[in-house]
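Here is the structure we will look at, set down as structure tokens.
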Amino acid sequence: MAQFWKPGTEKPRLVDDEEGGVLFFSGGFSSSSSSSGYGYASIEKQRQRLPVYKYRTAILYLVETHATTIIVGETGSGKTTQIPQFLKEAGWASGGRLIACTQPRRLAVQAVAARVAEEMGVKLGEEVGYTIRFEDVTKPDVTVLKFLTDGVLLREMMDDPLLTKYSVIMVDEAHERSISTDILLGLLKKVQKRRPELRLIISSATIEAKAMSDFFGKRKKRRELENEENGIQLEPAILSVEGRGFNVQINYVEEPVQDYVQAAVSTVLLIHEREPPGDILVFLTGQDDIDAAVQLIADEVQTSKKHSPGLVVLPLYSGLPRAEQELVFSPTPRGKRKVIISTNIAETSLTLEGIVYVVDSGFSKQKFYNPITDVENLVVAPISKASAKQRAGRAGRVRPGKCYRLYAEEYFLNHMSNEAIPEIQRSNLVSCIIHLKALGIDNILGFDWPASPSPEAMIRALEVLYSLGVLDDDAKLTSPTGFQVAEIPLDPMISKMIIASNQFGCSEEIITVAAVLSIQSIWISGRGIQKESDEAKLRFGDHVTFLNVYKGFLQSGKSSQWCHKNYVNYHAMRKVLEVREQLKRIAQRIGIVLKSCESDMQVVRKAVTAGFFANTCRLEEYSHNGMYKTIRGSQEVYIHPSSVLFRVNPKWIIYNSLVSTDRQYMRNVISIDPSWLLEAAPHFYLLQQSNPLH
DNA sequence: GAGCACTGC
């Protein structure tokens with residue numbers, strides 16, 4: 001086996017030339033694999049069989065000589081588990097330095113860390129560790145390979161902006177272009193200017209390599225020359241590593257389909273009739289589509305005898321109860337064919353074994369943000385080519401498979417975009433901008449992003465932060481409010497509400513409200529307990545209901561039966577407890593006194609107003625259908641039917657968020673007294689041309 | 001009287 005030079009200890013001598021693409025260094029340092037004991041050889045053999053293994057030397061050479069290395073690797077190449085080990089073996093973790101590898105998702109972080117610890121024959125949490133929110137499985141001065149979510153690494157930058165303890169940072173799954181990944185990439189490029197010795201590895205599954213390379217390659221000339229003299233190339237290197245998937249035959253429809261749910265169902269039945277055994281994975285857009293398709297297949301099986309036995313149809317989406325989600329992993333009964341009808345969750349977040357056929361509707365639900373109205377919408381939109389490829393690849397994991405695309409080849413070739421629009425260009429930017437401000441990046445409009453958000457979105461975010469008193473006239477963080485808000489890992493409006501609760505003496509209650517609001521929903525299915533709640537609870541709004549649920553949950557001894565009886569999601573409540581603990585710690589750190597207001601709900605509502613004053617709505621005097629108008633934009637909005645204030649229709653209310661379907665619905669509303677608005681945000685309400693508060 | 005693509009700190 002080749003021996004590797006320990007970076008930073010002695011200059012290497014080149015033995016081979018560049019022609020062959022593989023270079024060896026001579027030198028007396030042995031590789032420092034710490035694996036030992038039984039089973040080591042077989043694990044080592046498995047490692048050597050991974051496609052990425054033959055690129056070991058090339059990767060280490062590129063990382064040594066280039067500030068940034070971009071690795072394009074398809075699924076199954078082994079890049080995520082192997083490259084960090086290569087780096088460690090080559091000495092990048094010597095001298096108290098760490099190697100980091102980031103992932104967009106928590107589950108992936110845990111899984112990869114566990115796998116790497118196993119391969120290295122070490123206990124998880126020692127040399128190999130991981131950090132995700134609520135869980136730090138690392139040991140200072142012992143852990144050298146650290147896996148973490150990109151969000152956690154961003155948070156770490158608030159304490160150590162130059163990430164000084166890391167020698168190499170590998171950003172994995174960069175093609176997904178999540179908000180955190182994009183911010184991280186922008187910041188890492190800046191860090192490189194101050195720390196030329198830092199190495200970056202950007203790992204991506206797709207074509208985007210060129211755009212990424214342009215991003216990291218585009219620099220001011222003078223710096224480039226300085227560093228070229230140090231022997232480090234600033235122009236990124238690109239290396240492709242093949243995957244280990246099987247061939248997937250692609251089929252297209254000849255004519256565009258009218259109804260993709262119906263078309264998907266017909267295709268499933270056709271596959272079942274004509275194709276050899278193998279499970280089917282269908283990509284639709286959401287719960288509605290999926291439930292409809294499941295029903296249609298069930299109807300078909302019932303009416304026509306020929307399909308009868310043999311089809312096991314399972315829906316899959318994140319809103320499904322845990323137990324039902326897990327059904328998709330159960331082995332297919334002998335003689336049966338499993339059909340999984342799924343959202344995008346099966347495209348990225350989880351891997352299903354045994355899929356041979358994929359049916360791709362060509363659509364998914366995507367978030368879009370309108371900076372003019374400040375509303376985020378979820379809409380069904382065509383997917384990208386990269387997404388289509390990823391979906392098709394799900395058919396080739398165990399043997400050659402087939403993919404049926406419910407769109408024409410002409411459409412795929414000529415009209416489908418190459419990649420999805422990065423999330424940062426489809427989102428509200430308040431959290432992201434306050435984060436950059438906290439890291440001392442003053443010129444937000446001039447920040448070098450991998451993909452720049454629209455100026456409108458940035459200006460809107462700056463306006464909101466200014467109105468919250470988080471930024472001052474010079475767009476600098478205010479002290480202490482701005483710095484406090486930046487410390488809290490929540491939407492700035494929620495953070496502001498928490499900070500305001502300090503002066504109202506209701507921080508205990510508001511922290512509970514904040515924890516509940518940061519969870520998707522605490523209710524099981526749509527039906528909440530509102531029907532059983534008494535008049536007193538009905539009077540003020542959903543936030544007060546949350547406090548009652550939390551109190552009831554604690555009084556029941558955190559019982560799952562209690563949750564079940566009250567239509568409350570037990571897992572969600574466990575999460576509320578976890579978030580609440582974290583918020584309590586942070587609140588105390590930034591000087592908030594934990595205090596309960598007992599049953600005085602007026603101060604709770606005032607604290608909510610202090611954060612969410614911009615979401616104030618007034619009932620239209622003569623509307624008989626419960627129509628409200630927003631104070632800021634005079635938009636027509638309605639109270640969501642799941643709210644305790646539905647049909648109660650108080651004159652003045654504040655909402656937490658808008659969901660738009662056929663109408664704009666306000667979710668989680670609370671009634672207020674309009675006089676509180678002037679107290680909470682005089683600048684916001686007094687400066688309006690005609691004062692709407694009459 | 002409606003409904004939540006997917007993540008994350």
Practice problem: Specify the inter-centroid distance of segment A:109-172 and segment A:280-297, based on alpha-carbon positions, in whole Å. | Solution: 38
Practice problem: Sum -39500 (n - 2.57) across every DSSP H segment of at least 4 residues in chain A, then divide by the residue count to get the 222 nm mean residue ellipticity, nearest 500. | Solution: -11500 deg cm²/dmol
Quiz item: Could you state the number of Å between the C-alpha centres of segment A:639-663 and segment A:429-494?
Solution: 28
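Percent antiparallel among DSSP beta bridges with both residues in chain A, to the nearest 5? The partial results should precede the final answer.
Details: 32 of 88 bridges.
DSSP beta bridges in chain A are roughly 35 percent antiparallel.
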Quiz item: Can you list the residues, at least 5 places off or on another chain, whose amide H is less than 5 Å from the amide H of A:Val375, using H built in the peptide plane?
Solution: A:Asn370
Self-check item: Extension gain from A:Ser623 to A:Leu678, taking 0.36 nm per residue of separation minus the Cα-Cα distance
Solution: 17.2 nm
Self-check item: In Hz, Karplus ³J(HN,Hα) per residue of segment A:111-121 (6.51, -1.76, 1.60; θ = phi - 60°; x = Gly, Pro)
Solution: 5, 5, 4, 5, 5, 5, 4, 5, 4, 8, x
Quiz item: How big is segment A:488-683 by the Kirkwood estimate over distinct Cα pairs, in Å?
Solution: 17.0
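If you put +1 on each Lys and Arg Cβ and -1 on each Asp and Glu Cβ, how big is the dipole of segment A:488-683 around its Cα centre, in Debye rounded to 20?
On the way: 24 positive and 17 negative charges, 86 e Å.
Dipole about the Cα centre, nearest 20: 420 debye.
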Quiz item: For segment A:214-372, what is the Kirkwood estimate of the hydrodynamic radius, computed as the reciprocal of the mean inverse distance between distinct Cα atoms, to one decimal in Å?
Solution: 19.0
Practice problem: Would you mind checking which residues have amide H under 5 Å from A:Tyr166's amide H? H placed 1.01 Å from N; only 5 or more apart, or other chain. | Solution: A:Leu98
Quiz item: Full extension from A:Ile421 to A:Phe368: what is 0.36 nm times the residue separation minus their Cα-Cα distance, to one decimal in nm?
Solution: 18.1 nm
Quiz item: What is the Cα centroid distance between segment A:335-358 and segment A:577-629, reported in whole angstrom?
Solution: 42
Quiz item: Going by a 4.7 Å Cβ-Cβ cut-off, which cysteines of chain A have no partner at all?
Solution: A:Cys101, A:Cys403, A:Cys432, A:Cys563, A:Cys617
Quiz item: Label A:Leu352 and A:Thr65 with points 7 Å out from Cα along Cα→Cβ: what is the distance between them in nm?
Solution: 4.6
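Can you pull out the GluC sites (Glu not before Pro) in segment A:273-368 whose DSSP state is coil and whose Cβ has at most 11 other Cβ atoms within 10 Å?
Passing both the DSSP loop test and the Cβ count: A:Glu353.
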Quiz item: Taking neighbour counts of Cβ atoms within 10 Å as a proxy for exposure, in what order, fewest first, do A:Ser42, A:Ser77 appear?
Solution: A:Ser42, A:Ser77
Practice problem: Would you kindly derive the ³J(HN,Hα) couplings of segment A:368-375 from the backbone phi angles with the Karplus curve 6.51 cos²θ - 1.76 cosθ + 1.60 (θ = phi - 60°), listing them in order in whole Hz, with x for Gly and Pro? | Solution: 10, 10, 10, x, 6, 8, 6, 10
Quiz item: Roughly how big is segment A:225-287's charge dipole about its Cα centre, with Cβ charges of +1 (Lys, Arg) and -1 (Asp, Glu), in debye to the nearest 20?
Solution: 440
Exercise. Compute the normalised compactness of segment A:142-211: alpha-carbon radius of gyration over 2.2 N^0.38 Å, N being the residue count.
Key: 1.08
Quiz item: Here are some pairs, A:Lys193/A:Lys476; A:Lys367/A:Lys496; A:Lys190/A:Lys210; A:Lys575/A:Lys606; A:Lys584/A:Lys651; which of them have Cα atoms lying more than 28 Å apart in this structure?
Solution: A:Lys584/A:Lys651
Quiz item: Which of the peptides A:208-218, A:386-396, A:617-627, A:414-424 is most tightly packed, and how do the rest follow, going by the mean number of other Cβ atoms within 10 Å of each residue?
Solution: A:386-396, A:208-218, A:414-424, A:617-627
Quiz item: Once the principal axes of the Cα atoms of chain A are found, what is the range along each, listed largest first in whole angstroms?
Solution: 83, 71, 52
Quiz item: Counting Lys and Arg as +1 and Asp and Glu as -1, each charge on the Cβ, what is the dipole of chain A about the Cα centre in debye, to the nearest 20?
Solution: 1160
Quiz item: What is the distance, in nm, between label points placed 7 Å from the Cα along the Cα-to-Cβ direction at A:Glu44 and at A:Glu578?
Solution: 3.8
Quiz item: Using θ = phi - 60° and the Karplus curve 6.51 cos²θ - 1.76 cosθ + 1.60, what whole-Hz ³J(HN,Hα) does each residue of segment A:418-424 get, with Gly and Pro shown as x?
Solution: 5, 10, 5, 5, x, 4, 5
Quiz item: Which of the peptides A:148-154, A:650-656 is most tightly packed, and how do the rest follow, judged by the mean count of other Cβ atoms within 10 Å per residue?
Solution: A:148-154, A:650-656
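Bear in mind that the values in this text are calculations on the coordinates, not laboratory data. Given the structure is predicted, the values throughout are model-derived calculations rather than measurements. Neighbour counts are summed over all protein chains in view; Cβ atoms, including those assigned to glycine, are modelled from backbone coordinates with ideal geometry.
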